[in-house]
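Asker: Below is one structure. I have some questions about it.
Computed from the coordinates by the stated procedures, all read-outs in this text should not be read as laboratory data. Note that this is a predicted model, so its numbers are computed, not measured. In this analysis, Cβ positions are derived from the backbone assuming ideal geometry, glycine residues included, and neighbour counts consider all displayed protein chains.
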Amino acid sequence: MSGSPTRALLAVAAFASVLLWGRMGAAEAESVPLGLQVQLLAKVAAYDRNLPERSGGRVRLAVVTRPGNADSERATAQLLMKLRESALIGGLPHDDVVVKFTTADALAASCRSEHFSIVYFTPGFQDELPALRSALQGVSVLTVATVATYVPGGIVLGFDTASAKPKLLFHVTQARLQSVAMSTDVVRLMTVFE
């Protein structure tokens, strides 16, 4: 009998650990700090040969937020602060706006009507990736992910770490579908998805 309470305690501890691990794993998080992401984007965007034409000399950058998602709202505030610290994106001046996400089709329509050059996704969009990938086909826009796992799902550019160093992620098929023409010199340095 004396082993029974111990076993019960261990079973409860194991169950709690699984629950906590599951909750932590479910959150979408940035693997590269947002300030560093903005610095990398500012440099890498210059290698998109279509950015000057797409932007008309001034980059319009949309930070897409998911209303009611605390991680998305936190990342949006941090990105806006870091973007203000960067005078140029891709060698061009930029205007940054927040877009509250409703649907993928509405976002694609906004990209066209507002002439966004770059669309930066905050956490909270994993379940929307198939719809976003489809809706943004044929829209000339560089999509960027704060969360590395979004790139295999169809966001064009993202950031991850390997051996404690940042690495660039690039979805080459979606880039073509969105008229992003990244220089082969920089693509060679990226982890590429198709």
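Asker: In whole Hz and in residue order, list the ³J(HN,Hα) couplings for region 93-104 that follow from phi through the Karplus curve 6.51 cos²θ - 1.76 cosθ + 1.60, θ = phi - 60°; x for Gly and Pro.
Answerer: These are the phi-based 3J(HN,Hα) values: x, 9, 10, 10, 10, 9, 10, 7, 5, 10, 9, 5 Hz.
Asker: Still on this model: Hey, how many Å between the Cα centroid of region 128-193 and the Cα centroid of region 94-114?
Answerer: About 18 Å separates the Cα centre of region 128-193 from the one of region 94-114.
Asker: Near the amide H of PHE193, under 5 Å away, which other amide H atoms are found, from residues 5 or more places off or on another chain, if H is placed in the peptide plane?
Answerer: PHE170, HIS171, VAL172
Asker: Now a separate question. Could you work out the relative contact order of the chain, using alpha carbon pairs under 8 angstrom and six or more residues apart, expressed as a whole percent?
Answerer: Details: 336 pairs, mean separation 42.5, N = 194.
This gives 22 percent for the chain.
Asker: Let me ask something else about it. Along the charge dipole of the chain, Cβ charges K/R +1 and D/E -1, which of GLN178, GLY68, THR161 sits furthest on the positive end?
Answerer: Of the options given, the answer is THR161.
Asker: Report, in degrees rounded to the nearest 10, the 0 to 90 angle that the Cα long axis of helix 3-26 makes with the longest principal axis of the chain.
Answerer: Its long axis makes an angle of about 10 degrees.
Asker: Less than 13 Å Cβ to Cβ from ARG112, Lys/Arg counted +1 and Asp/Glu -1: what total charge do the surrounding residues give?
Answerer: Residues close to ARG112 contribute a combined charge of 0.
Asker: What ³J(HN,Hα) values, in whole Hz, does the Karplus curve 6.51 cos²θ - 1.76 cosθ + 1.60 give for region 57-65 when θ = phi - 60°, with x put for Gly and Pro?
Answerer: x, 9, 6, 9, 10, 9, 9, 8, 10
Asker: How tilted is helix 70-85 with respect to the longest principal axis of the chain? Cα atoms for both, answer in degrees (0 to 90, nearest 10).
Answerer: That helix lies at roughly 40 degrees to the long axis.
Asker: Taking the Cα centre of the chain as origin, work out the dipole magnitude from +1 charges on Lys and Arg Cβ and -1 charges on Asp and Glu Cβ, in debye rounded to 20.
Answerer: Working: 18 positive and 16 negative charges, 44 e Å.
Computed charge dipole of the chain: roughly 220 debye.
Asker: Same structure again: For the chain, take the longest principal axis of its alpha carbons; what is the angle in degrees between that and the long axis of helix 34-44, to the nearest 10 within 0 to 90?
Answerer: Roughly 30 degrees, rounded to the nearest 10.
Asker: Would you mind working out the magnitude of the charge dipole of region 108-194 relative to its Cα centre, with +1 at each Lys and Arg C-beta and -1 at each Asp and Glu C-beta, to the nearest 20 Debye?
Answerer: Values: 6 positive and 6 negative charges, 38 e Å.
With only Lys, Arg, Asp and Glu charged at Cβ, the dipole is about 180 debye.
Asker: Using the Karplus curve 6.51 cos²θ - 1.76 cosθ + 1.60 with θ = phi - 60°, work out ³J(HN,Hα) for each residue of region 175-192 in order, rounded to whole Hz, and write x for Gly and Pro.
Answerer: Once θ is set to phi - 60°, the couplings for region 175-192 become 4, 4, 5, 10, 6, 9, 10, 6, 4, 4, 4, 7, 4, 4, 8, 9, 8, 9 Hz.
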